[in-house]
Every structure is written in C-alpha cells, then in structure tokens.
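Visitor: Below you'll find the structure I mean.
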Amino acid sequence: MQPGFLRSAITLGLLALVGPFAIDMYLPALPTIADDLQTTIAATQTTLTAYFIAFGVAQLVYGPLADWIGRKQPIYIGLAIFIVGSLASAWAPSIGWLAAGRFVQAMGAATVMVVPRAIVRDLYTGGQATRMMALIMLVISVSPMLAPLAGSGLIALGGWRLIFEVLAGAAVLSVVLTATQLPETLPVENRVPIRPRVLLAGMRSLITDAKFIGLTLIGGFGMASFFVFLSTASFVYTGQYGLSSVEFSLAFAVNAIGFFGASQVAPTLGERYGMARMVLIATFGFFVTMVILLALTLSGFNTLGVLITLLFIGYAFFGLVMAPVMVMALDDHGDKAGLASSLGGTLQMVAGGVMIVITAPFFDGTTLPMVTAIAFCATMAFGFAVITLRTAPQTGAAA
C-alpha cells in the first residue's frame, strides 16, 4: 500500500471523526441530560433528531459548494459553524436550547461527511475507492468504540457540558489538520459554478436515476436502523438492564467492532464476488438476523446477551454494505461527485431522523420498540437491495 494512499485515508478519516464523535460521545449522557434539564426521554431524543435532520439537509449545501470553490474551503466553513454549535450546546439552559445548538452543530459537521467522499471520488474509482472508503471507516471506527467511554469519563470529570466544550476543541484541531495535511484535489478548471438551473438539472438526473436512489436507500435504511439504536440504546441498557454509563459504552462498542471489522473485508469480497452480489447477500444476512432478534424478543428471550450477540452479527453484515453502496452510487456521477455525495448523504440522514420521530412515541424504555424499528429498517434495506441489484453485473469490484 502506497504511503500517500494510507496518509490520505488517515487524514480523511480523522476529519470525518468530527461528526460521529459529536453523536457518540454524548450518548452515555442522555439519561443525565434528561434529569439535569428536567425533561422527558422523548424530548431528549429530539436533540438527536435535530442533529440528524440538520446533518442531512446541510449536505445539500456543501456538495455543490465543494464542486464550486474546491474541497478545502467548505471544510473550514463547516468546522467554524460546528464550533459555534458546540459552544451553544455546552451552555444550553434548556432542552430546546440544546436541540437548537445540536442543529447548528450538525449544520457544520455535515461538511466532513460530504467533502471527504468527494475527495475519494476525485482520486479513485472502483476497487481502489472501496478500499479507501474502508480505510476511512477503519479510522472512524474508533468513535463508537472510544467516544462513549471518553464521554463517560468527561461526565465524571466535569459533567455532560464538558463533552461539547471538548468537541469544540477537536474542531479547532481539525482546522489545523485540514490546513497542514489535506491537499486541494479539485483543480480550478474542473470546478462547477453554482447555477440554479444546472443544480436543479443535476438534482433531477440523480433523483430519476433508479440505481442511485436504490443504492442510497439501501444505505439509508441501514443507517436509520443504527440511528434508532443510537437514540434508544442508552435508555434500554441503563434502564431495562441496569448497566452503568461505562458498561453501556462497552456494550455499545461491541456493535461497532462487528460493523467496522466487517467493513475492512468488504473490498476483498467485492473484488472476488462482485460488489452487487456481496451487498445482496449481506443485506439478506442483516434482515434475517434482525427478524430473528425480533422473534426472540416477542417470545420473551430478550436477555442482554441475546441482544448484544444478534446486534453484533446483524451490524457485521451491514458493515459489508455501507462502503460498497457509497462507491457504486457515485461511480456513474464523477462529473458531479459533490452533488451526488451530498444528496445521497441527505437522503440517508433524513431517513434516520424520520425513523426516530416515528418510533419515539412508542418507545417505553424497553427492548421491543427498539428491536421492532431496527427489524423494519433491515427489511426495507434488503427489499431495496433486491429491487436495485438483482439484475446488476456480478463480476469485478465495480459490479
């Protein structure tokens, strides 16, 4: 592996960490926030919903912006907004203020979701792009494994508000990383000015591309299942199963190990069997595992061990899906990679936010509502995989 390839993956992965850390670090604090701000579980979950929706919608801005002014400037703009939102969250006097701060924070964090994917598309396609995306995901994998533990430590050290102050500091370091380690990958002659007519035409071509939409929704429903888990797991693990915030962080990390561990073998399996076939098989495994978990939960076999084990297996299957569907969705749209990346990210994040809104009224602090929503999302992801990929070529990494 070339040093430049590895350095690019590490740099882009560290930048992309900002968004996941902003989610994962404060998960152990959700019950504490509910108590401290004297609010309900459902109201506390709105801080996640606000984040996901803003995170998704803002990507529609950063994609075209990155195609117009280059890749680095939108990163600086987004990180500045993220710092403002982090500090507003840290000083929030009420749950409404916290939700607003999280909304602003996500508006900034969206830049490090969109731009790194566009940079990958600038530099690589096919199998190399999948390998780069998998390496970036490997760097990102430290977030769900370490961020909740770090969050628990910060809560013990200075309370939940300290988490957001630390996130603001991390964004400042990301600005330095961008300035010193990230080259500009979009030449001036390849930049596309923002023209409403051209932008709408590009959006129309993407929205009417059945393959692009299908691949986006496969990833979208898979991510929606994970967002439901994010918004409910801390209450289930600490409430129903009596885990401490540290124990919850460790249980949460198990799922991440399965997801990100599997993502690292996706390029090899994709090259050997074809990415379309791999995604079909993996979404089927995700679907079957989550349906089994739902059946066991309905039957009363909802022990903590069963829950953790089947979530680990299910999200390991999903780990084989995310990088390939990102790559396949962008492969045919190199001329508007920024726009395609932003639209795809928007649809995926909004799907996650909507699922939280839909499931929140039914959540009672127990396993069943959470598992039911996850199984529904897994079913939808598999359904779209069948519709989108059953006639796709099955050979080669670009399948």
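Visitor: Can you find a residue that is on the phi > 0 side of the Ramachandran plot and in contact with a helix residue (DSSP H, G or I) (Cβ under 7 Å, 6 or more places away or on another chain) anywhere in segment 362-376?
Guide: Yes, segment 362-376 contains at least one residue that is on the phi > 0 side of the Ramachandran plot and in contact with a helix residue (DSSP H, G or I) (Cβ under 7 Å, 6 or more places away or on another chain).
Visitor: Of the conditions (1) crowded, with 21+ Cβ neighbours inside 10 Å; (2) touching a Pro at 6+ places or on another chain (Cβ under 8 Å), Ala253 clears all except one; give me its number.
Guide: (1)
Visitor: What is the residue count in segment 238-283 for residues that are touching a residue at least 24 places away in the same chain (Cβ under 8 Å), in a helix (DSSP H, G or I) and under 21 Å from Ala156 (Cβ atoms)?
Guide: So the answer is 10.
Visitor: For segment 163-178, which positions are open to solvent by 40 Å² or more (accessible area, probe 1.4 Å), in contact with a helix residue (DSSP H, G or I) (Cβ under 8 Å, 6 or more places away or on another chain) and of a type in the set (A, V, I, L, M)?
Guide: From segment 163-178, those open to solvent by 40 Å² or more (accessible area, probe 1.4 Å) are 165-166, 170, 172-173, 175-176; that's our starting set.
When the remaining residues are screened for being in contact with a helix residue (DSSP H, G or I) (Cβ under 8 Å, 6 or more places away or on another chain), the result is 165-166, 170, 172, 175.
Matches in segment 163-178: Val166, Ala170, Val172, Val175.
Visitor: Can you pull out the residues in segment 192-250 that are polar (S, T, N, Q) and over 21 Å from the mean Cα position of the chain (by Cα)?
Guide: Of everything in segment 192-250, those that are polar (S, T, N, Q) and over 21 Å from the mean Cα position of the chain (by Cα) turn out to be Ser205, Thr208, Thr238, Gln240, Ser244, Ser245.
Visitor: Determine whether segment 110-119 contains at least one residue that is of a type in the set (Gly, Ala, Ser) and farther than 24 Å from Phe260 by Cβ.
Guide: There is no residue in segment 110-119 that is of a type in the set (Gly, Ala, Ser) and farther than 24 Å from Phe260 by Cβ.
Visitor: For the subset of segment 180-230 comprising residues that are polar (S, T, N, Q) and surrounded by 17 or more Cβ atoms within 10 Å (Cβ to Cβ), which member is nearest to Gln73 (Cα to Cα)?
Guide: Among those that are polar (S, T, N, Q) and surrounded by 17 or more Cβ atoms within 10 Å (Cβ to Cβ), it is Thr185.
Visitor: Can I ask one more? Mind checking which residues of segment 1-23 are surrounded by fewer than 20 Cβ atoms within 10 Å (Cβ to Cβ) and among the aliphatic types (A, V, I, L, M)?
Guide: Met1, Leu6, Ile10
Visitor: Of everything in segment 24-66, what is assigned to a helix (DSSP H, G or I), among the polar types (S, T, N, Q) and either open to solvent by less than 10 Å² (accessible area, probe 1.4 Å) or over 12 Å from Val350 (Cα atoms) (or both)? Give them in sequence order.
Guide: Scanning segment 24-66 gives Thr32, Thr44, Gln45, Thr46, Thr47, Gln59.
Visitor: Looking at Pro28, Pro74, Pro20, Pro93, can you tell me which residue is under 21 Å from the mean Cα position of the chain (by Cα) and over 21 Å from Met113 (Cα atoms)?
Guide: Working: Pro74 fails: over 21 Å from Met113 (Cα atoms); Pro20 fails: over 21 Å from Met113 (Cα atoms); Pro93 fails: under 21 Å from the mean Cα position of the chain (by Cα).
On inspection, the qualifying residue turns out to be Pro28.
Visitor: I need the full set of residues from segment 34-62 which are under 16 Å from Met223 (Cα atoms) and β-branched (Val, Ile, Thr), in order please.
Guide: Selection gives Thr49, Ile53, Val57.
Visitor: Right, something else. I'd like the residue in segment 296-321 that is in contact (Cβ under 8 Å) with a residue 40 or more places away in the chain, farther than 13 Å from Gly258 by Cα and part of a helix (DSSP H, G or I) and, out of all such residues, is nearest to the chain's Cα centre (by Cα).
Guide: If we filter segment 296-321 for residues that are in contact (Cβ under 8 Å) with a residue 40 or more places away in the chain, which is where we start, we get 297-298, 302, 304, 307-308, 311-321.
Pick out the ones that are also farther than 13 Å from Gly258 by Cα and you get 297-298, 302, 304, 307.
Keeping just the survivors that are part of a helix (DSSP H, G or I) gives 297-298, 304, 307.
Values: Thr297: 26, Leu298: 29, Leu304: 25, Leu307: 22 Å.
The extreme case among them is Leu307.
The values are calculated or read from the model by the stated rules, or taken from the named source; none is laboratory data. As the structure is a prediction and not an experimental result, all values here were calculated from the model. Virtual Cβ from ideal backbone geometry, glycine too; neighbours counted across all protein chains shown. Surface accessibility is based on the protein's heavy atoms, side chains included, excluding ligands, DNA and RNA. Shrake-Rupley method; radii C 1.70, N 1.55, O 1.52, S 1.80 Å.
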